[in-house]
Amino acid sequence: MSNRTFTMIKPDATANGHTGAILQMINAAGFRIVAMKMTHLSADKAGAFYAVHKERPFYGELVEFMSRGPITAAILEKENAVEDFRKLIGATNPANADAGTIRKLYATSLGENAVHGSDSNENAAIEGDFFFSKLEQF
Ligand code: CMP
């Protein structure tokens, strides 16, 4: 699993019609999509996914945002997937993201930053399993 990462195209990017362009960037960067679904998280599900941030001041805002509308969840495969994907998406705050990154192109703010990318191999596996059964991971 160490060459896999997990991503979500968040409600802001979905509502703004950027899903196709973001998936195209992901493919063009050499990632293979090995699981994918479009879904709408309940507040409970969004809260559970981001439980690690429960004590942070932005947790309520994050849960409200992530349950506001549909998202696309996917597992991506590539050598060095976690690190390379974080480079492709850019800094958490789009104001600090490098030119040409997904967040620079499509994110609007720190809270509404278009995409999620796992921060470690361990979390990539946990997050992928949160959305997909083993039968849905190819
Ligand atoms: P993500 O990479 O999905 O992981 C946690 C998310 O919390 C992060 O992207 C941001 O969207 C959000 N986040 C992090 N810091 C803040 C903050 N200070 N205010 C609002 N949202 C934040």
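Read-outs throughout are calculated quantities, based only on the coordinates presented, and are distinct from any laboratory measurement. Predicted model, so just to flag it, every value in this text is computed and none were measured. All Cβ positions, even for glycine, are placed from backbone atoms using ideal geometry, and neighbour counts span all protein chains on display.
Figures for the structure shown
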| quantity | calculated |
| --- | --- |
| Residue list for segment 71-86, filter: in a helix (DSSP H, G or I), surrounded by fewer than 20 Cβ atoms within 10 Å (Cβ to Cβ) and in contact with an Asp or Glu (Cβ under 8 Å, 6 or more places away or on another chain) | R86 |
| Looking only at segment 56-76, and only at residues there that are touching a Phe, Trp or Tyr at 6+ places or on another chain (Cβ under 7 Å) and β-branched (V, I, T), the one that is nearest to R4 (Cα to Cα) | I75 |
| Residue in segment 96-107 that is touching a Gly at 6+ places or on another chain (Cβ under 6 Å), within 11 Å of the ligand (Cβ to nearest atom) and not aliphatic (A, V, I, L, M) present | yes |
| Filter result for the condition that a residue is surrounded by 15 or more Cβ atoms within 10 Å (Cβ to Cβ) and not in a helix (DSSP H, G or I), over R103, R68 | R68 |
| Qualifying residue in segment 27-49 (condition: free of Cβ contacts under 8 Å to residues at least 12 places away in the same chain, over 21 Å from D129 (Cα atoms), away from the ligand (no atom under 14 Å from the Cβ) and not in a strand (DSSP E or B)) | yes |
| Segment 50-72: number of residues that are within 12 Å of the ligand (Cβ to nearest atom) and closer than 16 Å to I9 by Cα | 7 |
